[in-house]
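Please read the structure below before turning to the comments.
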Amino acid sequence: MRALSTSELLSVWERGQVQPRVQQALLLLAAACPEISTEALAKLSIGRRDTCLLALREWTFGSQLISLAACPHCGERLELAFKVADIRVNLPAEHVEVYSLNIDNYRVRFRLPNSLDLATLTSSTDTDAARQLLTERCLLSVEHNGEEQFAGQLPVELVAAVGQQMAQADPQADVQVALTCPVCSHTWQAAFDIVSFFWGEINAWAYHILREVHILASAYGWSEADILALSPSRRRFYLEMVGR
Ligand SMILES: [Zn+2]
């Protein structure tokens, strides 16, 4: 995996604008990891995918993250500043393909959810239903008292236990940030989604860069490729020269 140049990132933004989040994440990874096949990237567990995206975010925009949240109790808007290192989880060194869980005479074998699984969810699926659907998709086999069983017949508690084990095995997939409201002192946990966050930043950055291209191309007649190839400090210098 490597950092992306200005024009590479702009090209990912252009192709990903109208895509769902899961595809935007894959476009970023495919550009940064040309040595890995698209299929292999899509099969990375969500936690491993997000570990790569956090690294790419750090190389692209630095280690500081600033996010906004609204207090669910009083509505106060909070600005939240933290570092990539604060939410980075150390992943287990060994890569496990198949996990198993034994509970109440059940033996369940499962894998971790990946981008292909996320792509099957629609935006209208609520969080609980999404978790259940993902868990069921990732079940490889279920035995009860030694007999093979249909995955759809699992008791609810068992599906929950499998979901819990998946979360433990892939901790980077669900990052929770602890928040305290400075106005009403309410405390709560908010999920941090690196894909939405990073893509939001890329979107704002792309508009900014294209505006700079427009100004410099108008002033000097340079091509877009030439302007994008300039370092940020040179671009800033020339923008100052033309009074912008
Ligand atoms: Zn509050």
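A compact table of results
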| read-out | value |
| --- | --- |
| Residues with amide H under 5 Å from that of GLU76, placed H, sequence gap 5 or more | CYS71 |
| With every protein chain in place, the stretch 38-180: carbon and sulfur % of accessible area (1.4 Å) | 49 percent |
| Average accessible area per residue (Å²) across the stretch 84-187 - probe 1.4 Å, nucleic acids and ligands excluded | 61 Å² |
| Sites TRP188 and TYR220 - FRET efficiency at Förster radius 35 Å, r taken between beta-carbons, to 0.05 | 0.10 |
| R0 of 41 Å, Cβ-Cβ distance HIS208-ALA40: FRET efficiency to nearest 0.05 | 0.80 |
| The chain: relative contact order in percent, alpha carbon pairs under 8 Å with at least 6 residues between | 20 percent |
| Amide H contacts under 5 Å for LEU140, placed H, 5+ residues apart | ARG109, PHE110, ARG111 |
| Most mobile of GLU58, GLU136, GLU35 in a GNM of the chain (Cα contacts under 10 Å) | GLU35 |
| Pairwise centroid distance, computed over Cα atoms, of the stretch 142-167 with the stretch 206-244, Å | 57 Å |
| Highest to lowest packing among 110-120, 189-199, scored as the average C-beta count within 10 Å | 110-120, 189-199 |
| Selected from CYS71, CYS52, CYS138 as most flexible by GNM, with the chain as the system and alpha-carbon contacts under 10 Å | CYS71 |
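The values are calculated or read from the model by the stated rules, or taken from the named source; none is laboratory data. Source: prediction; values computed, not measured. Glycine also receives a Cβ, built like all others from the backbone with ideal geometry; neighbour counts cover every protein chain displayed. To get the accessible areas, we keep the full protein, side chains included, count just its heavy atoms, and leave off ligands, DNA and RNA. Shrake-Rupley method; radii C 1.70, N 1.55, O 1.52, S 1.80 Å.
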